[in-house]
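A.B. asks: Attaching a single structure in structure tokens format; questions to follow.
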Amino acid sequence: MSLTAQDWLAKIHALPLTRPVRILNVCGGHERAITLTGLRAALPRTIELIPGPGCPVCVCPEEDVYQAIRLALEERVILAAFGDMLRVPVNVPKGEPRCLDAAKAAGADVRPVASPREVVALARAHPERPVVFFAAGFETTTAPVAAMLLEGVPDNLYLLLSARRTWPAVAMLLASDAPGFDALIAPGHVATVMGPEEWRFVVEQYRMPTAVAGFTPVSLLAAFYSVLRQLLEAQPFLDNCYPEVVRPGGNPTAQAQLTETMHITEANWRGIGVLPASGFRLCERFAAHDARLTFPDHAALGRQRAGQMPPGCDCARVVLGRIAPDACRLYGTACTPRHPVGPCMVSDEGACRIWWAGGVRARVA
């Protein structure tokens, strides 16, 4: 008989934990499930769950958001983007549109979309106008973009690609002098596409307990129990606690489509900086659909400030798991979901937005 969430909680509480344990959950979807189901309060106080860098909206570099805004305003394109990208703010002089929503209010044609198929339909419905798809995301949303390209897209459709690979950010944290966590919960959806084996380096190179988890309390609690047992027994290994979806090797078709359409390259992560082999760019075969090659570059060199957040914003430290969201100087005061200052308060996968939705209001002293 399968264990319930209550069963897993009982097993965790029965573990002989004698010291604090910090567990990093990479995925914004994990953080949302943890917060909105109250798992933190249900676990022993010795366990600290740390939200990590798994929010593509949060780490999308400012220069890419700025380029999308200027393309919409100055090139008069139809600018399509996933909905949570529309409110991501950038640093601009007062009075200028600081997000895509503001650009839309200023007259730009900005359209929220939920999938690449919607973008293709939009381009076919407006053959007389250029349509730019601002495609930001991790492997799980980048794979459908690759499939879209291989299926064939209209001549008037261009990609402003801001896609990232998940594991290099974790590798950067592990290689630092103080990673700040004792165990890792790897993202289930990414592992579904790329395979759980991508996370084996955490165990092999850093001897750190690791488990792939899904998004239910049962899967998450099973993963917490696994890494805690690994710590107690000093026998780290890669555990797949999402076997109903994650298979060895991942999705070979999706991986092949990514390889056929894109190259792996270094990339800037907002709040983190430039990480090697952490991004995607379109390969030469699809250069005719690359917005970076087709339209002027409005993101001047002075704007390409690796990792810079708005003044006073601590999103960079939140993304890196250095502080809790409510420890940010602006959390709940200048920065709220209605008036976000930093990107972590915008997206449904941003830790600050998730904590706010979970009822955390006051900033810690």
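The values are calculated or read from the model by the stated rules, or taken from the named source; none is laboratory data. Being a predicted model, the structure only gives us computed values, none of them experimental. Note: ideal-geometry Cβ built from the backbone for every residue, glycine included; neighbour counts use all protein chains shown. These area figures cover heavy atoms from the full protein model, side chains too; ligands, DNA and RNA do not enter into them. Shrake-Rupley method; radii C 1.70, N 1.55, O 1.52, S 1.80 Å.
A.B. asks: Would a scan of segment 50-59 turn up a residue that is over 17 Å from residue 322 (Cβ atoms), open to solvent by less than 60 Å² (accessible area, probe 1.4 Å) and under 18 Å from the mean Cα position of the chain (by Cα)?
C.D. replies: yes
For every residue, the table says whether it meets (1) over 20 Å from residue 315 (Cα atoms); (2) open to solvent by less than 60 Å² (accessible area, probe 1.4 Å).
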{"site": "5", "(1), (2)": "yes, yes"}
{"site": "9", "(1), (2)": "yes, yes"}
{"site": "17", "(1), (2)": "yes, yes"}
{"site": "25", "(1), (2)": "no, yes"}
{"site": "37", "(1), (2)": "yes, no"}
{"site": "42", "(1), (2)": "yes, yes"}
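A.B. asks: Which one of these does residue 322 not meet: (1) within 16 Å of residue 49 (Cα to Cα); (2) basic (Lys, Arg); (3) surrounded by 24 or more Cβ atoms within 10 Å (Cβ to Cβ)?
C.D. replies: (3)
A.B. asks: Only residues that are hydrophobic (A, V, I, L, M, F, W, C), part of a helix (DSSP H, G or I) and touching a strand residue (DSSP E or B) at 6+ places or on another chain (Cβ under 8 Å): list them for segment 14-48, please.
C.D. replies: Once the filter is applied, which keeps residues that are hydrophobic (A, V, I, L, M, F, W, C), part of a helix (DSSP H, G or I) and touching a strand residue (DSSP E or B) at 6+ places or on another chain (Cβ under 8 Å), segment 14-48 yields 34, 39.
A.B. asks: I would also like to ask the following. Can you give me the ranges of the helices (runs of 4 or more DSSP H) entirely in segment 115-224 with at least 2 residues that are surrounded by fewer than 19 Cβ atoms within 10 Å (Cβ to Cβ)?
C.D. replies: 116-125, 139-151, 167-175, 200-206
A.B. asks: Looking at this structure, is residue 256 of a type in the set (Gly, Ala, Ser), out of contact with any Gly (no Cβ under 9 Å at 6 or more places or on another chain), free of Cβ contacts under 8 Å to residues at least 40 places away in the same chain and open to solvent by 20 Å² or more (accessible area, probe 1.4 Å)?
C.D. replies: Yes: the conditions hold for residue 256.
A.B. asks: Separate question: Exactly one of these conditions fails for residue 58: (1) without any contact (Cβ under 8 Å) to a residue 12 or more places away in the chain; (2) in contact with a Ser or Thr (Cβ under 7 Å, 6 or more places away or on another chain). Give me its number.
C.D. replies: (1)
A.B. asks: In segment 310-359, how many residues are within 18 Å of the chain's Cα centre (by Cα) and among the polar types (S, T, N, Q)?
C.D. replies: 1
A.B. asks: Scan segment 177-235 for residues that are aromatic (Phe, Trp, Tyr), within 28 Å of residue 10 (Cβ to Cβ) and without any contact (Cβ under 8 Å) to a residue 60 or more places away in the chain and report the count.
C.D. replies: 1
A.B. asks: Right, here's the next one. So, residue 111, is that one out of contact with any Gly (no Cβ under 8 Å at 6 or more places or on another chain), closer than 22 Å to residue 349 by Cβ and modelled with pLDDT of 95 or more or not?
C.D. replies: yes
A.B. asks: Further question on the same structure: Among 250, 273, 279, 312, which is small (Gly, Ala, Ser), open to solvent by 20 Å² or more (accessible area, probe 1.4 Å) and closer than 22 Å to residue 53 by Cβ?
C.D. replies: Matching residue, one of 250, 273, 279, 312: 312.
A.B. asks: Might you check whether a residue that is among the aromatic types (Phe, Trp, Tyr), touching a residue at least 24 places away in the same chain (Cβ under 8 Å) and within 17 Å of residue 278 (Cα to Cα) occurs anywhere in segment 128-147?
C.D. replies: yes
A.B. asks: Could you count how many residues in segment 285-314 are at pLDDT below 95 and in a helix (DSSP H, G or I)?
C.D. replies: Count: 3.
A.B. asks: Ok, one more. Could you tell me whether segment 162-180 includes any residue that is out of contact with any Lys or Arg (no Cβ under 8 Å at 6 or more places or on another chain) and farther than 28 Å from residue 53 by Cα?
C.D. replies: No, every residue in segment 162-180 fails to be out of contact with any Lys or Arg (no Cβ under 8 Å at 6 or more places or on another chain) and farther than 28 Å from residue 53 by Cα.
A.B. asks: How many residues does segment 10-26 contain that are under 21 Å from residue 215 (Cβ atoms) and among the aliphatic types (A, V, I, L, M)?
C.D. replies: 4
A.B. asks: Kindly provide the set of residues from segment 100-110 that are within 25 Å of residue 156 (Cβ to Cβ) and either open to solvent by less than 70 Å² (accessible area, probe 1.4 Å) or acidic (Asp, Glu) (or both), ordered by number.
C.D. replies: Answer for segment 100-110, where residues must be within 25 Å of residue 156 (Cβ to Cβ) and either open to solvent by less than 70 Å² (accessible area, probe 1.4 Å) or acidic (Asp, Glu) (or both): 100, 101, 103, 106, 107, 108, 109, 110.
A.B. asks: May I pose another question? I need every pair where a residue in segment 84-95 that is within 13 Å of residue 310 (Cβ to Cβ) has its Cβ under 6 Å from the Cβ of a residue that is at pLDDT 85 or above and among the basic types (Lys, Arg), sequence separation at least 6 or different chains.
C.D. replies: Final answer for the pair search is 89/98; 90/98; 92/98.
A.B. asks: Also, quick follow-up: Just to verify a result, which residue in segment 85-98, among those that are within 16 Å of residue 348 (Cβ to Cβ) and open to solvent by less than 30 Å² (accessible area, probe 1.4 Å), is modelled with the lowest pLDDT?
C.D. replies: Among those residues, the one meeting the criterion is 88.
A.B. asks: In the list 112, 187, 179, 168, which residue meets the criterion of being farther than 18 Å from residue 60 by Cβ and of a type outside the set (Gly, Ala, Ser)?
C.D. replies: That would be 179, the only listed residue that is farther than 18 Å from residue 60 by Cβ and of a type outside the set (Gly, Ala, Ser).
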